[in-house]
Amino acid sequence: MQFGKHFIDLSQPHVMGILNVTPDSFSDGGKHASVTQALEHALRMIDEGATFIDVGGESTRPGAPDVTLQEELDRTIPVIEAVAKNTECVISIDTSKADVMREAVRAGAGLINDVRALQEPNALEAAAEAKVPVCLMHMQGQPRTMQDNPEYEDVVKDVGQFLLQRAQICEEAGISKDAILFDPGYGFGKSLDHNYALVKHLPTLMAMGYPVLVGMSRKSMIGNLLNRKVDERLAGSISLATIAAQMGAHIIRVHDVKETADAVNIVKMLNTIK
């Protein structure tokens, strides 16, 4: 798949490193607030094995407050410019705002990663104009309320139908099918059982014909099952990343790049054995 100026072979799984330039993200808020800190962390994750760096300027944890357009631009664009100037990785912009998408791609981003699946005002048009791939994520509700008793008739079927509907809308707007990825949206309006059903049936989502990105790193689906605090969820994160990679997930979005890259490389080795 072509991500801006970079072609990435998705026949094997890749690691996406999370670079939150926010003061309030659930796991690493405030740790990479300056451009220098953010660039250092990006370089470290690339050295550890990340193919993608996902830059986000607005927390989407449950209960997170909204961020203004200017705040998000001020947080993300200088970081994207610095990472683009100093690396050859694929930069992803984690945003739902049309203007942030436009400015991020101008600054060097090669992927738009939208938790709201291009449903915000002008986002669809901005993504189509940007001519870079988009990752469409499923979320029931909005970040402030998404974990208030989420319900589904059939979570795997419902998530799949939503993603296919959004893909059709994207394609009608001029976004090529070859430039669309799916994200089931683990932790975004899902109960514990919903999340693990989406893990178990990941091959069903993959059979829909679009590359799949998964993000389960350090999330409450680990903490609530294992009774682990955020900084005690490494083993659970690696377990889920390994399972997803074995099932064929194309991109694994994580905080702990080094450890995840090791696990993914073992899966890649197994994939070469006949």
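Among the lysines, which have Cα under 29 Å from the Cα of residue 219 when same-chain residues fewer than 8 positions away are ignored? Within reach: 31, 97, 157, 190, 200, 229, 258, 268. Packing here is the average count of other Cβ atoms within 10 Å per residue, and on that basis the peptides 167-179, 53-65, 248-260, highest first, run 248-260, 53-65, 167-179. Among 100, 212, 35, the largest mean-square fluctuation in a Gaussian network model of the chain (Cα springs under 10 Å) belongs to 35. Among the DSSP helices (H) of the chain, those spanning at least 18 angstrom by Cα along their long axis with an average Kyte-Doolittle hydropathy of 1.0 or more are 234-247; this is a geometric and hydropathy rule only. Across all C-alpha atoms in the range 134-274, the radius of gyration and Dmax reach 15.3, 47 Å. Taking the DSSP beta bridges with both ends in the chain, the antiparallel portion is around 5 percent.
For the chain, the relative contact order works out to 19 percent when only alpha carbon pairs closer than 8 Å and six or more residues apart are counted. With the highest mean first, a sort of the peptides 199-210, 183-194, 107-118 on other beta-carbon atoms found within 10 angstrom per residue produces 107-118, 183-194, 199-210. Around residue 181, which amide H atoms from residues at least 5 apart in sequence, or from another chain, sit under 5 Å from its own amide H, with H modelled in the peptide plane? Result for residue 181 returns 134, 135, 136.
What shape does the range 1-108 take by its C-alpha gyration tensor, where a ≥ b ≥ c are the square roots of the eigenvalues and a/c under 1.5 counts as rounded, a/b above b/c as prolate, and the rest as oblate?
On the way: a/c = 1.57, a/b = 1.40, b/c = 1.12.
Prolate shape, in that a/c is at least 1.5 and a/b is the bigger ratio.
Extent along the principal axes, Cα only, for the range 97-200: 40, 26, 21 Å, with the longest axis given first. With the convex hull constructed from alpha-carbon coordinates only, the range 39-99 shows a mean projected area of 4.6 nm² over all directions.
Computed from the coordinates by the stated procedures, all read-outs in this text should not be read as laboratory data. Since this is a predicted model, take the numbers as computed values, not measurements. Please note: Cβ atoms are built from the backbone with ideal geometry, for glycine as well, and neighbour counts cover all protein chains shown.
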